[in-house]
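One structure is given here, and the rest of the page talks about it.
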Amino acid sequence: MENIEGLMQQAPEFIVTYGLKVVMAIVIFIIGKYLSNVAKNLTTKMMLSRKIDETVASFVGNLVWGVVFVFTIIATLGQIGVQTASLVAVLGAAGLAVGLALQGSLSNFASGVLMVVFRPCRVGDYVDAAGVSGTIDEITIFSTRLLTPDNKVIVAPNSAMMNGTITNYSAQEKRRIDMVIGVGYGADIAQTKKILTEVLDNNAYVLKDPAYTIALAELADSSINFVVRPWVKTPDYWGAKFELLEQIKNALDAANIEIPYPQMDLHLKEMPAK
């Protein structure tokens, strides 16, 4: 009877103490849930404002929401008196196990985020990366999809793309075409340079700025080699190169200037009589 009376006397204090804890726990949960949604929306909007892929932005936003919400749950349980140290240890161990199991996937995900944030390449760029070449068709969370000029599809892991050298042929508005034109030793150097200059001046693809370069570069075994280096707009690169090679060949042929092929002169000496 005395125990019951003692409990009855302690009941108001118990209700006040633990009631406040429960109320505070509910408040912490509500505020934490609200903050997790705010963090998610801010992260997603910030990434979309930087023109980051929508899939990646959504995934990162959900990841931020999950992290904030987990901390909210831990804070809520701690407020009502639950020992959270062991819970944090369990969550840490579980996270470590999952991280080790998904090490490759997490590496690809992190590389994908870095690709869309720092933009070493974008969709539509023609690149050399991860040992392959092609036009980037899609950058997803874990991999990058490339299309080769002959329309083959290559899917490369994002980690392989970011861990190696990326050569981006589309990053700049202008590209230089590097050509080596060889003519015979009997050709007149001044006349040859004049013909090459006329071809470049009359080609619609060749830009006036930066100026092109035509120079004698090498006295090779079978030819005199000129370097011809015009600048063109990046999308026009291949069309310009193919057209210039054809025009240069026709112009040199019209001037009777030989474009030699590798050859060797053999001199036969009289064999001694037996």
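Just so it is clear, none of the values below were taken in a lab; they were calculated from the coordinates. Remember, it's a predicted structure, so these values are computed and weren't measured experimentally. Neighbour counts run over all protein chains shown; Cβ positions are idealised from the backbone, glycine included.
Observations
- Chymotrypsin sites (Phe, Trp or Tyr not before Pro) within region 167-274: DSSP coil, no more than 12 neighbouring Cβ in 10 Å: 185
- The share of C-alpha pairs in region 120-168 whose separation exceeds 18 Å stands at 12 percent.
- Relative to the Cα centre, the charge distribution of region 120-168, modelled as +1 at Lys and Arg Cβ and -1 at Asp and Glu Cβ, gives a dipole magnitude of about 80 debye.
- Candidate cross-link partners of residue 194 among the lysines, defined by an alpha-carbon separation under 21 Å and a same-chain spacing of 8 or more, comprise 208, 241, 249.
- Förster radius 22 Å - calculated FRET efficiency between residue 227 and residue 168 (Cβ-Cβ, nearest 0.05): 0.35
- Loop GluC sites (Glu not before Pro), region 106-209, which have at most 13 other Cβ atoms in a 10 Å radius of their Cβ (DSSP): 173
- For the pair residue 62 and residue 246 in one chain, pulling the backbone fully straight at 0.36 nm per residue adds 60.6 nm over the alpha carbon distance.
- Taking only the Cα atoms of region 154-218, the radius of gyration and Dmax are 18.5, 54 Å.
- Two-site label geometry, residue 269 and residue 135: point separation in nm, points 7 Å out along Cα→Cβ: 6.1
- Phi angles across region 244-251 convert, under the Karplus curve 6.51 cos²θ - 1.76 cosθ + 1.60 with θ = phi - 60°, into 3J(HN,Hα) values of 5, 4, 5, 5, 5, 4, 5, 5 Hz, Gly and Pro given as x.
- Under 10 Å, Cβ to Cβ, from residue 236 - net charge with Lys/Arg +1 and Asp/Glu -1: +3
- Take the Cα of residue 128, step 7 Å toward its Cβ, do the same at residue 41, and the gap between the two points is 4.8 nm.
- The calculated FRET efficiency for the pair residue 152 and residue 216, based on their C-beta separation and a Förster distance of 45 Å, comes to about 0.65.
- Two-site FRET efficiency, residue 49 against residue 27, from Cβ-Cβ distance with R₀ of 30 Å, rounded to 0.05: 0.40
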